[in-house]
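A short worksheet on the structure shown next.
The values are calculated or read from the model by the stated rules, or taken from the named source; none is laboratory data. Please read all numbers here as calculations on a predicted model, not as lab measurements. Cβ sites come from the backbone with ideal geometry, for glycine too, and all protein chains shown count toward neighbours. For accessibility, only protein heavy atoms count, side chains too; no ligands or nucleic acids. Shrake-Rupley method; radii C 1.70, N 1.55, O 1.52, S 1.80 Å.
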Amino acid sequence: MPQLLLELLSEEIPARFQEQAADDLDRLARAQLEAAGLAFDELRAFAGPRRLTLVADGVPSRQADREEVRKGPRVGAPEAAVSGFLRSAGVERDDLVVRDGVYFAVQHRRGRPACEAVPEMVEAMVRRFPWGKSMTWGEGSLRWVRPLQRILLVFDREVIALDLDGLAAGDLSEGHRFMGSRQPFRARDFDEYREALSGHFVVLGAEERKARILEGARAACAQHGVELIEDAGLLEENAGLAEWPTPIFGDFDASFLSLPSEVIRTSMRTHQRCFSVRSSGGLLAPHFVAVANIEARDGGRLIAAGVARVLAARLADARFFYEEDRKAPLERRLERLDGMTFHAGLGSMRERALRLEKLAGAIAKMVGADAISAARAGRLAKADLASSMVGEFPELQGVMGGYYALEEEGPEIAAAIRDHYRPQGPDDAAPSAPVSIAVALADKADMLAGFFGVGERPSGSRDPYGLRRAALGIVRVVLDNRLRTPLRALFDKAAQGYERRADTDELLGFMAERLKVALRDSGRRHDLVDAVFGLGDDDLVRLLARLEALDAFLRTPEGTDLLTGYRRAANILAAEAKKGGLPPPTSALSPDPPPAEARLSAALGDAVPTIEAALAAEDFVAAMSALAALRRPLDAFFDQVLVNSPVAAERAARLALLARVRNAMGLVADFARISG
């Protein structure tokens with residue numbers, strides 16, 4: 001089967017756009033091929049520093065013939081409506097067919113050769129490509145992330161004619177900008193193309209480039225008796241910067257090791273995109289691994305020297321800032337926070353620091369931490385924002401405050417300041433020391449209460465203040481440390497720091513949504529989260545234990561059957577309520593009750609006290625086990641008893657019995673919210 005090969009060669013594509021660009025190219029190509037009626041066996045998309053590449057194998061040489069059916073007006077409709085339909089469909093009256101009293105226009109269209117459909121498809125993809133930022137150049141109207149230089153477009157080893165604003169497609173491409181031949185090369189299929197790229201010093205796939213960087217960097221470190229500090233984000237960025245990535249080992253002045261290791265690593269990462277290195281003892285070593293885009297004749301010594309020279313200048317600045325910052329205590333920097341706005345409606349950073357002082361002290365009592373230490377750490381948590389070091393390296397806020405506080409306040413308060421932003425992502429650990437927990441919760445709860453109070457809620461994909469991350473951070477801190485801290489009490493305390501009070505119920509709803517995201521990512525069902533959260537419990541540890549017991553229960557035959565019985569009972573009760581209301585609750589049975597009715601009532605009488613006792617002891621497995629005892633009596637009741645008896649007393653008693661079943665199950669979870 002024929003193969004479609006497309007390459008869009010441009011000037012350098014920013015590394016941060018490449019992964020998404022490959023996904024978008026894949027998505028757009030699949031949609032366009034499907035719309036064109038061109039099936040394919042396999043489709044692959046690649047993105048790199050200068051090119052996007054698409055290869056689709058098994059594309060048919062022509063579209064299949066197809067029949068297009070278009071629905072028109074009903075037979076007997078006004079003549080003007082019929083005439084308008086004929087014009088819009090491009091058919092004559094004799095071409096219409098009647099089905100179920102409706103006119104249909106049926107047209108038989110012969111499939112076009114794929115080589116005629118491909119140019120339209122590619123042009124649509126290029127012109128609609130969703131770059132985060134794009135530009136025009138020259139006199140054309142075409143937009144791309146950077147100016148396009150070549151288009152390679154080949155189908156079944158034949159060049160497909162395409163012209164985009166004067167840029168004509170062909171079968172030529174280029175290799176590495178410096179190491180490859182200055183002459184373009186020709187490729188008529190993917191194997192030729194990939195082999196030619198490799199021969200011209202271009203690694204096509206991002207994963208291949210990453211592997212090349214890692215293998216080379218590890219080998220260089222092993223040769224020097226040290227270990228590479230791996231960094232997934234930095235690896236991704238370097239793979240997007242170099243078509244022929246070549247790791248180069250270098251050294252920097254060991255005297256800079258007196259700086260905090262985070263300062264050195266941040267400077268390497270942000271300014272030179274270098275990997276850090278550690279010794280066999282785990283300490284940061286005075287070396288780095290840079291990633292060049294060429295294989296230098298001298299083995300990279302000149303490049304390493306240049307990187308070391310720039311790095312030395314950056315680290316010298318950092319050392320100056322670090323020494324200057326240490327001349328003034330953190331307490332004195334609080335005054336400078338007056339000039340930093342937290343949010344126009346929420347005051348300055350100094351006001352936030354004072355709120356954190358009170359809130360962290362209050363939360364400390366809820367989590368078993370020392371209230372005085374927590375309040376002190378909360379007061380100083382934001383002080384490093386006024387430091388020169390954080391001004392130069394914003395990524396180190398909190399970290400630098402921890403270093404400065406270690407000398408001034410002691411290790412407990414220093415750790416709380418350092419860790420109060422954590423966790424900052426799924427791979428980041430939550431703080432575990434009591435004082436650190438108190439300050440971390442205070443920081444996140446204060447943010448949520450403040451922004452919700454002034455109406456700054458996340459919407460859609462928009463979350464400029466990171467409130468979803470803050471909510472997930474609270475979930476992680478609470479669950480990872482198994483804190484028995486009610487969320488309502490936490491947010492009530494936080495809201496007291498603001499004149500415009502946030503709605504605690506709204507905040508709890510937001511937390512429920514974030515909890516669903518966190519639990520769904522770990523494989524749990526979101527409807528079960530609704531079922532347990534719907535009971536109004538805001539103790540996340542207890543809620544999670546209830547959720548796990550409910551999930552396990554519903555995986556059993558008893559749980560599945562009881563859920564079915566619950567729905568049947570709930571549907572009957574809902575239908576009767578619509579007819580005019582349910583009878584008052586009662587535990588009395590119908591006159592001369594049948595055995596199945598009596599057994600269900602007796603089973604309820606035994607189960608409910610057991611369930612209530614198990615829930616009070618937070619033994620949710622036992623509560624589910626007691627609930628399971630209702631399964632057989634409920635099944636027998638539905639099989640053998642007529643609920644809507646013509647005898648009013650029987651009907652009232654049996655509806656009341658079903659209401660008792662629903663209420664008993666509602667003690668454990670809101671089963672109405674379970675989807676299946």
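Couple of notes before you dig in:
- Residues 137, 244, sorted by accessible area with the largest first, give 137, 244 [1.4 Å probe; ligands and nucleic acids excluded].
- Too-long pairs where the Cα-Cα distance tops 28 Å, listed order kept, from 365/444; 327/382; 493/516; 327/493; 133/382; 444/516: 327/493; 133/382
- Adding -39500 (n - 2.57) for every DSSP H run of four residues or longer, then dividing by how many residues the chain holds, sets the calculated 222 nm ellipticity at -16000 deg cm²/dmol.
- Accessible surface of region 235-339, 1.4 Å probe, proportion on carbon and sulfur as whole %: 49 percent
- In terms of its C-alpha gyration tensor, region 337-465 comes out rounded, because the ratio a/c of the largest to the smallest axis stays below 1.5.
- Residue 258 accessible area, assembled protein chains, probe 1.4 Å, Å²: 80 Å²
- Carbon/sulfur fraction of accessible area - region 1-154, other protein chains in place, 1.4 Å, %: 46 percent
- Cα gyration tensor shape for the chain, rounded if a/c is under 1.5, else prolate or oblate: oblate
- Ligands, DNA and RNA left out, the accessible area of region 359-422 computed with a 1.4 Å probe is 53% carbon and sulfur.
- In this label model, residue 192 and residue 406 are separated by 6.1 nm, measuring between points 7 Å along each Cα→Cβ vector.
- The protection proxy used here, the mean number of other Cβ atoms lying within 10 Å of each residue, ranks peptides 203-209, 80-86, 456-462, 237-243 as follows, highest first: 237-243, 203-209, 80-86, 456-462.
- Three-way shape call for region 553-614 based on the alpha-carbon gyration tensor, with the a/c threshold at 1.5: oblate
- Probe 1.4 Å, protein heavy atoms only - accessible area per residue of the chain in square angstrom: 47 Å²
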